[in-house]
Amino acid sequence: MNAHSDFARDLAMKTDEVLRVELEVFRREHRDLDDAIRALQERATADQLTLQRLKKKKLLLKDRIALIEDRLTPDIIA
C-alpha cells in the first residue's frame with residue numbers, strides 16, 4: 001500500500017470535526033511550505049534537492065487537503 005491509499009482509508013474512520021482540525025493544520029503547513037520555498041528560491045545558493053523535497057511535500061499536502069475537502073463537502077445532485 002502507498003501513503004495516499006493509507007491516508008484515504010484512515011480518512012473514512014475520522015469524524016468531520018477531526019477532519020476540519022486536520023484540514024486547518026494541513027492548510028497552515030502548506031502555506032508555511034510555500035513561504036519556505038519562496039525564501040529558498042530567493043537565495044542565490046538555493047539547494048535544488050531541498051527545493052524538490054519541499055515541493056513534493058507541498059503537493060502531498062495539497063492532495064490531502066483535496067481529499068478532506070471532498071469528504072466534508074456534501075454531494076449535490078443536480
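Quick look at the values:
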| read-out | value |
| --- | --- |
| Residue 70 - accessible surface, heavy atoms, 1.4 Å probe, Å² rounded to 10 | 110 Å² |
| Accessible area (Å², 1.4 Å probe, nearest 10) - residue 37 | 10 Å² |
| Carbon + sulfur, % of accessible area of region 3-72 - ligands and nucleic acids excluded, 1.4 Å | 53 percent |
| Accessible area of residue 43 in the full protein assembly, 1.4 Å probe (Å², nearest 10) | 130 Å² |
| Computed magnitude of the charge dipole of the chain (debye, nearest 20; Cβ of K, R +1, Cβ of D, E -1) | 340 debye |
| By accessible area with a 1.4 Å probe, ligands and nucleic acids excluded, highest first: order of 57, 14 | 57, 14 |
| Relative contact order (percent, whole number), the chain, Cα cutoff 8 Å, 6+ residue spacing | 41 percent |
| Square roots of 5 times each gyration tensor eigenvalue, C-alpha, region 3-72, largest first, Å | 29, 12, 7 |
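The values are calculated or read from the model by the stated rules, or taken from the named source; none is laboratory data. These numbers come from a predicted model, not from an experiment. Glycine gets a Cβ as well: all are built from the backbone with ideal geometry, and neighbour counts include every protein chain shown. Side chains are part of the model used for accessible areas, which takes the heavy atoms of the whole protein and leaves out ligands, DNA and RNA. Shrake-Rupley method; radii C 1.70, N 1.55, O 1.52, S 1.80 Å.
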